[in-house]
Structure formats: structure tokens, C-alpha cells
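Scroll down for the structure; my scribbles are underneath it.
The values are calculated or read from the model by the stated rules, or taken from the named source; none is laboratory data. As the structure is a computational prediction, the values presented were derived from the model and not from experiment. Positions of Cβ are backbone-derived with ideal geometry, glycine not excepted, and every protein chain shown enters the neighbour counts. Just so you know, the surface numbers come from the protein's heavy atoms only, side chains and all, with ligands and any DNA or RNA stripped out. Shrake-Rupley method; radii C 1.70, N 1.55, O 1.52, S 1.80 Å.
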Amino acid sequence: MRRTCRSAAGIPTRPTRHRANPRDHGTSIIEVIIAIVLLGTIISATLAGLTTTIKASALDRDHANAHAWLQTAADMLYARDLINCGTMDPVDPANDMALIAAEYEATVQQTENPEGWPNGNISIIGIEWWSIEVVDGIGTEAWGPECDEPDTSLQKIELQVTAEDGRIVEEVEVIIDG
């Protein structure tokens, strides 16, 4: 049996549904906009975090490649024979050092470079010789840019790898004992 409601004047009316809040007739446009803004903020923050993670991962990979390349070049320098000064161009010692640097550079350029890294990104940036200088009967030992004795048995070679964009610069010093 169906119940009908009557108004105070006795006119039949529709039955009313009981709601928790009689003013709640649905979702307003403001509530929908706020929900969309909140979801957009969450999605954009997630994408920003993902982008940062990808960039950091690529930078870390490039550092690892540069370090591995330097290590390979250092191993190749260790494996080759020491080049004594005075043996390449005994007449001109300055030219002798340039020829020694070119010989070591040729060895370094033979290393296999990581994918996307040109051979020109690795280079020798310095060669020093271990020398003993005697002043007033007191000997001091130090690394120096000039070779005092042709048969010096220690050389320090400094290698550097630089990324194309300049973000990465890795260096290593190699001590060669002849």
C-alpha cells in the first residue's frame, strides 16, 4: 500500500526522502574544481620527481663511464714501458718532453671510449718527473715539470676526461715506475 503525503491544505504531495543533510543535493562545481586541482598537483609533483630521478640516473651513469674510461687508460699506461727523457730528442729537451707526451697520448687514445664519448674527451694534462735537487748538501725530492736526469725512474701522468657539455670532469694521476 502506498502512502501519500498531504499538505496542510489537503493537497497530495510527493513523499520526501530522508537525507542526512536536507540541503545536500549533489556535488557543486566548486567541489569538482578543487578535486581536479588537487589531482593535477599530485600528478605534476609525481612527474617532477620522476624527471629528477631520470636526470640524476643519467648523470650518475656518465660519471661511472668517465671513471671507467680513466681507469682503462691508467691501466694501459701502467702496462707500457716508461719513456725516459733524453731518449727521444737529446738535443732539445723541451721537444723531448713534447715527444714523450705525444707517445703517452697515443697510448691513452687507444683505449676504448664509452658510447657517445669522442676520443678527444680524454687527454693527458700533465707529466712530471721525480727529481732530487741538492742545495747546500741537502737533497730535496719533489715532482717537477722538467726531467733533470735521463734515467729517472718515476713519472707522474695526469689524465682527464671531460664530458661534451662540461658537466663532468674526472681526473686521475698515474705514477709509472720504470
Answer yes if at least one residue in the range 80-89 is in contact with a helix residue (DSSP H, G or I) (Cβ under 8 Å, 6 or more places away or on another chain), of a type in the set (S, T, N, Q) and either at pLDDT below 85 or open to solvent by less than 50 Å² (accessible area, probe 1.4 Å) (or both), and no otherwise. yes
Out of the residues in the range 137-178 that are open to solvent by less than 90 Å² (accessible area, probe 1.4 Å) and of a type in the set (Asp, Glu), state the one that is modelled with the lowest pLDDT. Glu170
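Select from the range 115-128 the residues that are part of a loop (DSSP other than H, G, I, E, B) and surrounded by fewer than 17 Cβ atoms within 10 Å (Cβ to Cβ) and list them in ascending order.
Our first condition is that a residue be part of a loop (DSSP other than H, G, I, E, B); within the range 115-128, this holds for 115-118.
Within the range 115-128, Glu115, Gly116, Pro118 qualify.
Residue-by-condition table, conditions (1) at pLDDT below 80; (2) open to solvent by less than 50 Å² (accessible area, probe 1.4 Å); (3) of a type in the set (Gly, Ala, Ser):
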{"site": "Ala56", "(1), (2), (3)": "no, no, yes"}
{"site": "Gln71", "(1), (2), (3)": "no, no, no"}
{"site": "Gln109", "(1), (2), (3)": "no, no, no"}
{"site": "Val135", "(1), (2), (3)": "yes, no, no"}
Selection within the range 39-77 - of a type outside the set (A, V, I, L, M) and over 30 Å from Tyr104 (Cβ atoms): Gly40, Thr41, Ser44, Thr46, Gly49, Thr51, Thr52, Thr53, Lys55, Ser57
